[in-house]
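Participant: I have a structure here, written as structure tokens, and I will follow up with some questions on it.
The values are calculated or read from the model by the stated rules, or taken from the named source; none is laboratory data. As the structure is a prediction and not an experimental result, all values here were calculated from the model. Cβ coordinates were reconstructed from backbone atoms using ideal geometry, including for glycine residues, and neighbour counts include every protein chain displayed.
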Amino acid sequence: MKTITRATLAATVGLGFAISVSAGPVEDQAAFQKYFENKFPNTPVMDFQNGVYSILPEAREQWVQIEEFPPYELAIENGGKLYHSKFANGKSLADCFGPEGAVRGQYPFWDKDRGMVITMERAVNECREANGEKGYGWKKGKIADVTAYMSFNSRGQKVDVKIPSDDPRALAAYEEGKEHFYTKRGQLNFACADCHLLTAGNLYRADTTSPAFGHATSWPVFRSKWQEMGTLHRRFAGCHENIRASSYKAQGPEYSNLEYFVTYMSNGLDFNGPAARK
């Protein structure tokens with residue numbers, strides 16, 4: 001079951017979040033960031049890229065200690081080996097993305113020729129397939145390791161998602177992602193915005209919900225719950241399952257457009273993946 005976004009949007013206005021169905025992306029992003037600045041006035045803007053640890057000082061101390069010997073180190077190492085491994089034709093991912101794969105800041109982007117959002121995971125698999133290799137699975141394993149290596153080498157690149165003004169399909173994809181974010185769904189009738197905007201920082205089932213501002217900067221992540229690396233689309237699917245809603249196909253238009261919207265909302269922050277999360 002899905003309930004259209006207007007009720008959640010109205011609630012955000014009531015909390016001082018001036019986003020509307022008719023607002024454009026620039027206005028959306030400005031209001032989105034301002035909302036979180038007001039909600040968490042003690043958190044520096046750039047710190048929102050650290051997820052829930054930007055708003056929980058007591059948890060942050062433990063997280064900083066974990067980052068001294070991060071659980072994603074092996075993923076970076078393995079990802080580097082996969083990245084530089086030769087395909088049967090003698091080429092490698094480096095022929096598509098450069099010697100270190102430091103291209104995280106280029107994704108996601110709107111491909112005008114194909115009329116779709118391209119994520120970094122999709123680009124990796126399309127490079128493999130173009131060179132006669134099979135693509136990796138979308139949610140974990142080799143795709144998470146390779147993108148961990150690429151993200152690590154891209155740390156510090158700015159989030160700067162573009163929505164081309166000369167292609168209305170790009171804006172439509174953004175609006176579909178926005179609608180997904182604000183639409184209630186599942187047996188629990190929750191929207192992404194319910195947990196990660198309206199009640200960000202609240203405690204649910206012993207976990208504090210993270211702010212949506214900065215959500216897309218740190219992927220892939222090693223989650224303690226998973227005990228392994230996973231992609232952003234794996235997390236999207238897990239959130240749907242948590243609210244007892246049907247999940248969508250990883251890298252399908254639903255999650256790709258959602259990533260497009262959520263990443264655009266974090267424009268101006270730094271990409272800082274991979275990361276460790278609870």
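Participant: Assess whether G135 counts as being small (G, A, S), over 26 Å from S54 (Cα atoms), in contact with a Lys or Arg (Cβ under 6 Å, 6 or more places away or on another chain) and surrounded by fewer than 18 Cβ atoms within 10 Å (Cβ to Cβ).
Facilitator: In short, yes.
Participant: Tell me which residues, restricted to the range 92-127, are in contact (Cβ under 8 Å) with a residue 40 or more places away in the chain and farther than 20 Å from N153 by Cα.
Facilitator: Once the filter is applied, which keeps residues that are in contact (Cβ under 8 Å) with a residue 40 or more places away in the chain and farther than 20 Å from N153 by Cα, the range 92-127 yields W110, K112, G115, M116, V117.
Participant: All but one of (1) crowded, with 21+ Cβ neighbours inside 10 Å; (2) closer than 27 Å to T43 by Cα hold for C239, so report the exception by its number.
Facilitator: Answer for C239: the failing condition is (1).
Participant: Counting only residues that are touching a helix residue (DSSP H, G or I) at 6+ places or on another chain (Cβ under 7 Å) and not in a helix (DSSP H, G or I), how many does the range 231-245 have?
Facilitator: Matching residues across the range 231-245 total 1.
Participant: Taking the condition in contact with a Leu (Cβ under 8 Å, 6 or more places away or on another chain), among the hydroxyl-bearing types (S, T, Y), buried (at least 20 other Cβ atoms within 10 Å of the Cβ) and within 25 Å of T147 (Cβ to Cβ), does Y72 pass?
Facilitator: Judged against the criteria, Y72 is not a match.
Participant: What's the total number of residues in the range 155-176 that are under 15 Å from the mean Cα position of the chain (by Cα) and either of a type in the set (S, T, Y) or modelled with pLDDT under 95 (or both)?
Facilitator: Total satisfying the criteria: 1.
Participant: Exactly one condition in (1) part of a loop (DSSP other than H, G, I, E, B); (2) among the hydroxyl-bearing types (S, T, Y); (3) crowded, with 22+ Cβ neighbours inside 10 Å is false for S256; which is it?
Facilitator: The failed condition is (1).
Participant: Does M265 fit the bill of being surrounded by 21 or more Cβ atoms within 10 Å (Cβ to Cβ), under 25 Å from G115 (Cα atoms), in contact (Cβ under 8 Å) with a residue 40 or more places away in the chain and out of contact with any Ser or Thr (no Cβ under 8 Å at 6 or more places or on another chain)? Talk me through it step by step, then tell me what you get.
Facilitator: Working: surrounded by 21 or more Cβ atoms within 10 Å (Cβ to Cβ): yes; under 25 Å from G115 (Cα atoms): yes; in contact (Cβ under 8 Å) with a residue 40 or more places away in the chain: yes; out of contact with any Ser or Thr (no Cβ under 8 Å at 6 or more places or on another chain): yes.
Yes.
Participant: Still on this structure, please answer the following. Take the conditions of a type in the set (S, T, N, Q), more than 30 Å from P168 (Cβ to Cβ) and surrounded by fewer than 18 Cβ atoms within 10 Å (Cβ to Cβ) and apply them to N78. Does it pass?
Facilitator: So N78 does not fit the description; no.
Participant: Moving to a separate point now. Please pick out the residue among I163, I143 that is under 18 Å from N257 (Cα atoms) and either surrounded by 14 or more Cβ atoms within 10 Å (Cβ to Cβ) or touching an Asp or Glu at 6+ places or on another chain (Cβ under 6 Å) (or both).
Facilitator: Result of the check over I163, I143: I163.
Yes or no, residue by residue, for (1) out of contact with any strand residue (DSSP E or B) (no Cβ under 9 Å at 6 or more places or on another chain); (2) surrounded by fewer than 24 Cβ atoms within 10 Å (Cβ to Cβ); (3) assigned to a loop (DSSP other than H, G, I, E, B):
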residue	(1), (2), (3)
F181	yes, yes, no
Q187	yes, yes, yes
A216	yes, no, yes
W219	no, no, yes
M229	no, no, no
S247	yes, yes, yes
Q251	yes, yes, yes
F261	yes, no, no
G273	no, yes, yes
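Participant: Which residue is farthest from T183 (Cα to Cα), if the candidates are limited to the range 35-71 and must be out of contact with any Phe, Trp or Tyr (no Cβ under 8 Å at 6 or more places or on another chain) and charged (D, E, K, R)?
Facilitator: Of everything passing the filter in the range 35-71, E68 is farthest from T183 (Cα to Cα).
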